Amino acid sequence: MDSLVQLAADPTAWAALATLVVMEVVLGIDNLIFISIITNKLPAEQQSRARRIGIGLALILRLALLGTVAYIVHLTQPVFEIFGKGLSWRDMILIAGGLFLLWKATKEIHHSLDPDPEEKTGGGASLGYAAAIGQILILDLVFSIDSIITAVGMTEHVPIMVIAVLAAVSVMLLAADPLSRFIAANPTVVMLALGFLIMIGMTLIAEGFGAHVPKGYVYTAMAFSAGVEVLNILGRRAKKGKRTVA
C-alpha cells in the first residue's frame, strides 16, 4: 500500500500513465476495427453480445499477460534464425497475426466485390457465433502481447499498466457499438476498414521481421483516409438531401 501511495504522489508516474493510456487507446483501434467487422456479420441479436465478449476477452488476456510480465519480456529473445535474422516468439506471433489479418481482410474484400459465387454455394456472408469469437480471440492475443510489450517499454510499474489497460478497454466498450453501427450504415467505410486491416497486417509482419514501422505514420495515414471518407459521406448526404427537396 505504501508503494502505491508513493507512486500516486510521483508526477513522473502520472505522466507515464497519461502517455500509456493514450498509447493503449490508439493500439486498441486496430482491435476494435476487426471486432466491428467480424461481429457485423452475425445476426443482429448476437452482435452486441459478441462485441462485449470480444472486448472482455481482450481485457482478460491483457490482465493475465500483465501477471506474467517478467515472462512476456523474454518473448523478445531470439529462439532461432532464418536467413541470418533471429526470430523471437513475439516476432513469430506478430507475423502469424499479420498473415491472419491479410487472409481475413482479403477474403472479406473478395466477397464484397464478388459475392455471388459464395451465395450460390451457400456460403454467403454469414459467420457462426463460435467462429466469430474464435477469430476475435486470435487477434486479441496478438494485439494484447504487442500492447503489453509496448507498455513494458514505457514504464516498469505494473499498477500503471493495469490502469492504462482498464482505461483503454473501457473506451473500446463505449466506442464498440457506435463504430459498428457506423460501419454497417456506410458500406464504403467497410472497404476502408478492410484496407486498414491489410495495412495493419503488413505492419505486424514487417515488425515481426525486425523492420520498425513508426506507429505515428500508420495512424496518421488512417486518420487522413478516414477524414476523406467522412467528407465523401457528407457530400453524398448533401446530394441526397437536394434530390429529396427537388
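Which of the following residues is at pLDDT below 80 and surrounded by fewer than 18 Cβ atoms within 10 Å (Cβ to Cβ): Gly134, Gly123, Gly56, Gly128? Steps first, answer last, please.
Details: Gly134 fails: at pLDDT below 80; Gly56 fails: at pLDDT below 80; Gly128 fails: at pLDDT below 80.
From the options Gly134, Gly123, Gly56, Gly128, the qualifying one is Gly123.
Conditions (1) in contact with a Phe, Trp or Tyr (Cβ under 8 Å, 6 or more places away or on another chain); (2) surrounded by 16 or more Cβ atoms within 10 Å (Cβ to Cβ); (3) on the phi < 0 side of the Ramachandran plot, marked per residue:
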{"site": "Pro178", "(1), (2), (3)": "no, no, yes"}
{"site": "Leu197", "(1), (2), (3)": "yes, yes, yes"}
{"site": "Thr203", "(1), (2), (3)": "no, yes, yes"}
{"site": "Ala206", "(1), (2), (3)": "no, no, yes"}
{"site": "Ala223", "(1), (2), (3)": "no, no, yes"}
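Only one residue in Ser180, Ser170 is without any contact (Cβ under 8 Å) to a residue 24 or more places away in the chain and within 25 Å of Ile60 (Cα to Cα). Which one? Working first, answer last.
Details: Ser180 fails: without any contact (Cβ under 8 Å) to a residue 24 or more places away in the chain.
It is Ser170.
Of all residues in the stretch 194-217, which are hydrophobic (A, V, I, L, M, F, W, C) and more than 24 Å from Ile109 (Cα to Cα)?
Going through the stretch 194-217, the residues hydrophobic (A, V, I, L, M, F, W, C) turn out to be 194, 196-200, 202, 204-206, 209, 211, 213.
Result: Phe209, Ala211, Val213.
The values are calculated or read from the model by the stated rules, or taken from the named source; none is laboratory data. Source: prediction; values computed, not measured. Please note: Cβ atoms are built from the backbone with ideal geometry, for glycine as well, and neighbour counts cover all protein chains shown.
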